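Below: one structure, written as structure tokens.
The values are calculated or read from the model by the stated rules, or taken from the named source; none is laboratory data. Source: prediction; values computed, not measured. Positions of Cβ are generated from backbone atoms using ideal geometry, with glycine treated the same way; all protein chains shown enter the neighbour counts.
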Amino acid sequence: MNALDSIFISALHWLAGLAPAPVRPLVSMLLIIAGLMAAFGTCFALATILERKTLGRMQNRFGPNRVGPFGLFQPLADGIKMLIKEDIVPFSADKTLHFLAPLALTAPVWMAFAVLPFGRNMSAIELDAGILFFFAIGSASELAVFMAGWSSQNKYSLVGAMRAIAQMISYEVPLVLAAVPVLMAAGSLSLPDIVQAQSGVALGWVPRWNIFTPWGLAGFALFFIAATAESNRCPFDLPEGESELIAGYLTEYSGFKYALFFLGEYLGLFAVAGLAVTLFLGGWQAPARWLEWFPSWGWFAAKFSALIFLFIWVRATLPRLRLDQLLNFAWKFLVPLALINLFAAAVWWKLPAAMAIRWLLCAGLLAVPYVWLGRHWNGVTPKRRHYGYAQ
Amino acid sequence: MLGRGILRGLMETWRNFQGSYYDPARLTTVQYPEEKLPPLENARTIPFLIYDGEDPLAGLRCTACSICAVECPAHCIEIVKDTAKKPDYLGRMQFHPKVFNIDMAVCMECGICAEVCPFDSIKMDRVFELSRDGRRMVLQMRDLAKPNHYFRQIHPTEAAAVDAARAEEQRKAQAKKAASSVPAAS
């Protein structure tokens, strides 16, 4: 393609070409790792400041705006503060585990970025079972969370960790189930193949992204909700619900270890948002042919940023759930809907491609259970609410 | 539970977000040290003593009657009476304070002293940026004394009423004096 599109690949080839031939693959891999870490490290710094500013704007206030122009140096100040803070380890804590937990959380999260295609031919390793690798790596964070909770020797840490485990295991089911129809559609577990399967347009102008099908839209919603819970974000951030649990499994962490937990959490969010872009939003594909002058990695970044904004927007809007609501919501609402979505996707692919009928049938298959489950999943039919203060 | 409330909430936060860039009602924060809201007239912080005329200590209205010190729930006022008497604004001979201290660490800014003062001498101030260099916890008479025009400036309504009442009293006293001096002259 054009030079701008492959600028990172050319840069990589040029830099790796400077190294002697025997170590060239190693150097190239290290360069990719350094690039990814730099890119998403910057992303993390930017996300913290932009999230705080956006949250502020949504709550009728300025966010941080004191450090540097528009407060943009705030992450720097935060970083320095975190680095020079005292690192407190509780007297009765299991010192080794307490030290290892933040590392065990952050390291696998970095590995998840290895399989994401950030642009045309731009994934660090092209695994045939990339999505499987992603989910396997993603579930390693549960171990780290429980390490943190257990080793702190603190009841709040432990209860927070138990909650986090319950939540993560529960929401991993709808997360994976929501992704399965996409795999069915693409017929592959490899993420570049999944992106490739979403190329082209239907009806002359609608891109063939999965989100523009009924099962894709439902799958995206389910995936988004489950991803919010997986990355412990509002409204599912009750493992660290400060009103009940101080800070959950983070209670006994301070200084840079605390920052590492935050880094891990944000990177997990980025990884899962990148996966959502890949699975449902067409990955790095441009929405139309005439927009392909914009580089593919630029499209990925744009969709990725929009998704992160959506996460922040939801966080600014919704209050925290209760634990029983959270688990009931996963098992009684998301999991059945994800299974029904699987069935609807199967129906979609069995029907002939006459658009209208396929659309209506598939949408009906999803809408009827949605309404029914939405009204009755709790066992009680809710009264009509009056939002007196929201109007 | 079909998510309609969630969508409505999302719309509200969205309106806040984009409104915060052009609609002042959607961005109500006042960035305090640079921007300040006009202070409310009835706001009150610590007490101060009013003086008339030019000299703060000579013009104090306080007569060292100690009602405020007695009524103060926190007992933060300390008054020592001077031995000499001076004429007040009506010409009556009154005591004056030699020492008038308010312990700022104890004062809870309730305003009872200002309410019980029969001489309109102690009133509530409106200063609030008190944490600065050279700050003292016990304010003495010299720190507490502030001119009457300052009182008129911070609490215009109350000051106008006080001034009117005092002028009326002064007029009556002068009329009485004139009435009593006229027969003496004739």
Exercise. Can you give me the number of residues within segment A:304-325 that are away from every other protein chain (no Cβ under 14 Å) and either modelled with pLDDT of 90 or more or buried (at least 20 other Cβ atoms within 10 Å of the Cβ) (or both)?
Key: 4
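Conditions (1) more than 24 Å from the chain's Cα centre (by Cα); (2) among the acidic types (D, E); (3) facing another protein chain (nearest Cβ under 9 Å), marked per residue:
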site: B:L7; (1), (2), (3): yes, no, no
site: B:Q18; (1), (2), (3): yes, no, yes
site: B:Y21; (1), (2), (3): yes, no, yes
site: B:P24; (1), (2), (3): yes, no, no
site: B:Y32; (1), (2), (3): no, no, no
site: B:E35; (1), (2), (3): no, yes, no
site: B:E41; (1), (2), (3): no, yes, no
Quiz item: Can you find a residue in segment A:22-36 that is farther than 27 Å from A:M82 by Cβ and in a loop (DSSP other than H, G, I, E, B)?
Solution: no
Practice problem: Go through segment B:60-75 and give me each residue that's touching a strand residue (DSSP E or B) at 6+ places or on another chain (Cβ under 6 Å), part of a loop (DSSP other than H, G, I, E, B) and without any contact (Cβ under 8 Å) to a residue 60 or more places away in the chain. | Solution: B:T63, B:A64, B:S66
Exercise. Go over the candidates A:L50, A:L55, A:L15 one by one and state the one that is within 14 Å of chain B (Cβ to nearest Cβ), under 21 Å from A:F118 (Cβ atoms) and either at pLDDT below 85 or within 20 Å of the chain's Cα centre (by Cα) (or both).
Key: A:L50
Self-check item: Output for segment A:223-272, where each listed residue is surrounded by fewer than 24 Cβ atoms within 10 Å (Cβ to Cβ), among the small types (G, A, S) and more than 21 Å from A:F300 (Cα to Cα)
Solution: A:G241, A:S243, A:A247, A:S254, A:G255, A:A259
Quiz item: Which one is farthest from A:F223 (Cα to Cα) among residues in segment A:331-368 that are buried (at least 19 other Cβ atoms within 10 Å of the Cβ) and within 14 Å of another protein chain (Cβ to nearest Cβ)?
Solution: A:L366
Quiz item: For segment A:244-253, what are the residues that are in a helix (DSSP H, G or I) and touching a helix residue (DSSP H, G or I) at 6+ places or on another chain (Cβ under 6 Å)?
Solution: A:L245, A:G248, A:Y249, A:L250
Quiz item: Since A:D94 meets every condition but one in (1) among the acidic types (D, E); (2) away from every other protein chain (no Cβ under 14 Å); (3) closer than 14 Å to A:F262 by Cα, which condition does it not meet?
Solution: (3)
Exercise. Would you confirm whether any residue within segment B:21-32 is farther than 30 Å from A:N65 by Cα and either outside any helix (DSSP H, G or I) or not small (G, A, S) (or both)?
Key: no
